[in-house]
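Q: This is the structure, below, for whatever I ask next.
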Amino acid sequence: GSQAAVSRTLATIGIASATFGHETQRGLDSLRATLEAARLLLQNGDDSEDVLGELEKAIRESERVSAWGAFALGRVRRDKRVRRTTDIASLVGSVLDEILPAMEASSITLHHELESTRAKVFAMDVECVVINLLTNAYYFSKHSSRERRVNVSLAPRTFQGRRGFDLCVADSGPGIAKELRERIWDPLFTTKTDERGKSIGTGLGLALVNAVVQDTEGSRSVDSDPKLRGARFTVWLPDAGA
């Protein structure tokens, strides 16, 4: 129900904040450095154009940091807590736009193919699935020696006689061993490790995705992407109005 969707959304914001936290810190560090440079230029009586250049850089960095605050606030808007007919491509596209700066900061190419589809859903649930799959793809793309890529696709699909849509997120990371492809959906199970091999993931992201799938009577699967050679997650969610 709506309350469960809100709880999942709050947890998802926490996971995304932790995953992309260093991007926010990097933005704040750059902001501080450019303001410091502007101050030094002013003290030295340097050309006003140089000072303006530094201040413009600072404004750009502040906008990036501000975007992450807006990202969190945008997830919990009241209209997203009501199940309604929604333009799914537009909803997914807006999440991708908000996450793109973090992907680009880590040299990850984000590619998407979003087919037009409308369905009656909790917008929060769709965002929960997309964000958790993207934070996963972000982490594993960074931990691969290959070119960093994440592909997202959306397509309408009828499954077992019910209308709905597929959300697919694939990455160029190391992939998931076949023997782990069911365990990864369990709460607290994680394959994310630091450089010493110590677990650092929450083990909650895919469990939240699985909770959405169970609540909506959807389906989920994971395999290896034939092009990127990393993990490919596919989540099918039904149209509650069908």
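The values are calculated or read from the model by the stated rules, or taken from the named source; none is laboratory data. The structure presented is a predicted model; accordingly, all values stated were derived computationally and were not measured. We place every Cβ from the backbone using ideal geometry, glycine too, and count neighbours over all the protein chains shown. Protein only, heavy atoms only, side chains kept; ligands, DNA and RNA dropped before computing areas. Shrake-Rupley method; radii C 1.70, N 1.55, O 1.52, S 1.80 Å.
Q: Between Ser106 and Leu40, what length comes free when the chain is fully extended (0.36 nm per residue of separation minus the Cα-Cα distance, one decimal in nm)?
A: Numbers: separation 66, 0.36 × 66 = 23.76 nm, distance 3.00 nm.
Stretched out fully, the Ser106 to Leu40 stretch lengthens by 20.8 nm.
Q: Given a 1.4 angstrom probe, I'd like the percentage of the accessible area of segment 31-125 that is carbon and sulfur, rounded to a whole number. Intermediate values should be presented prior to the final figure.
A: Details: 2770 of 5550 Å².
Whole-percent figure for carbon plus sulfur exposure: 50.
Q: Which FRET efficiency value, to the nearest 0.05, is calculated for Glu113 and Leu52 with the Förster distance at 41 angstrom and r the Cβ-Cβ distance? Walk me through the intermediate numbers first.
A: Details: r = 41 Å, r/R0 = 1.00.
FRET efficiency, Glu113 to Leu52: 0.50.
Q: Let me ask another. Using +1 at the Cβ of each Lys and Arg and -1 at the Cβ of each Asp and Glu in the chain, identify which of Leu10, Ser116, Phe159 lies farthest towards the dipole's positive end.
A: After comparing all options, I get Phe159.
Q: Could you work out the mean projected area of the convex hull around the alpha carbons of segment 94-228, in square nanometres to one decimal? Provide the component values of the computation, followed by the final result.
A: Working: hull surface 35.0 nm².
Its Cα hull, projected and averaged over all orientations, spans 8.8 nm².
Q: Dipole size in debye (nearest 20) for segment 67-171 around its Cα centre, Lys and Arg Cβ +1, Asp and Glu Cβ -1?
A: Values: 16 positive and 12 negative charges, 108 e Å.
I would put it at about 520 debye.
Q: I would also like to ask the following. Need the C-alpha centroid separation for segment 204-227 versus segment 146-171, integer Å.
A: Here the answer is 11 Å between Cα centres.
Q: So, one more: List the extent of the Cα atoms of segment 16-153 along each of their three principal axes, largest first, rounded to whole Å.
A: Rounded to whole Å, the extents work out to 61, 40, 25 Å.
Q: Based on Cβ point charges of +1 for Lys and Arg and -1 for Asp and Glu, what charge dipole magnitude is obtained for segment 2-60 about its Cα centre, in debye rounded to the nearest 20? Please list the in-between numbers first.
A: On the way: 6 positive and 9 negative charges, 118 e Å.
For segment 2-60, the charge dipole is close to 560 debye.
Q: Can you compute the helix-only [θ] at 222 nm over the chain? Use -39500 (n - 2.57) per DSSP H run of at least 4 residues, normalise by all residues, nearest 500 deg cm²/dmol. Provide the component values of the computation, followed by the final result.
A: On the way: 6 runs with 119 residues, N = 242.
About -17000 deg cm²/dmol.
Q: Ile59 accessible area, nearest 10 Å², 1.4 Å probe?
A: Surface open to solvent at Ile59 totals about 90 Å².
Q: May I ask you to order 122-135, 203-216, 22-35 by the average number of other C-beta atoms within 10 Å around their residues, highest value first?
A: Values: 122-135: 24.8, 203-216: 20.1, 22-35: 15.9.
Averaged packing, sorted descending, gives the order 122-135, 203-216, 22-35.
Q: Can you check what the Kirkwood hydrodynamic radius comes to for the chain, Cα pairs only, in Å to one decimal? Don't skip to the answer; put the middle values down first.
A: Working: mean 1/r = 0.0521 Å⁻¹.
With all distinct Cα pairs of the chain included, I get 19.2 Å.
Q: Take Arg78 and Gln25, extend 7 Å from each Cα along the Cα→Cβ direction, and tell me the distance between the two endpoints in nm.
A: So the label points at Arg78 and Gln25 sit 3.7 nm apart.
Q: Which of Lys192/Lys227; Lys57/Lys142; Lys120/Lys192 have a Cα-Cα distance over 30 Å?
A: Working: Lys192/Lys227 23 Å; Lys57/Lys142 27 Å; Lys120/Lys192 34 Å.
Those over the limit are Lys120/Lys192.
Q: Another question about this same structure. With a probe of 1.4 Å, find how much accessible area the chain has per residue, and write the answer as a whole number in Å².
A: Details: 12470 Å² over 242 residues.
Per residue, the chain has an accessible area of 52 Å².
Q: A further question on this structure: So between His143 and Phe159, what do we pick up on full extension, going 0.36 nm a residue minus the alpha carbon distance? Spell out each step's value before the answer.
A: Working: separation 16, 0.36 × 16 = 5.76 nm, distance 3.43 nm.
Difference between extended and current length: 2.3 nm.
Q: Suppose R0 equals 35 Å. What FRET efficiency, 1/(1 + (r/R0)^6) with r the Cβ-Cβ distance, do Ser7 and Glu63 give to the nearest 0.05? Walk me through the numbers on the way to the answer.
A: Numbers: r = 31 Å, r/R0 = 0.87.
Efficiency for this residue pair is about 0.70.
Q: Related question: Helix check for the chain. Which DSSP H runs span at least 30 Å along their own axis by Cα, with a mean Kyte-Doolittle hydropathy no less than -1.0? Write out the running numbers ahead of the final one.
A: On the way: long enough: 21-43 (33 Å, -0.39); 48-75 (41 Å, -0.31).
In the chain, the long hydrophobic H runs are 21-43, 48-75.
Q: Compute the length gained on full extension between Ala177 and Ala33: take 0.36 nm times their separation in residues and subtract their Cα-Cα distance, giving the result in nm to one decimal. Can you show the working numbers first?
A: Numbers: separation 144, 0.36 × 144 = 51.84 nm, distance 4.32 nm.
Value of the extension gain: 47.5 nm.
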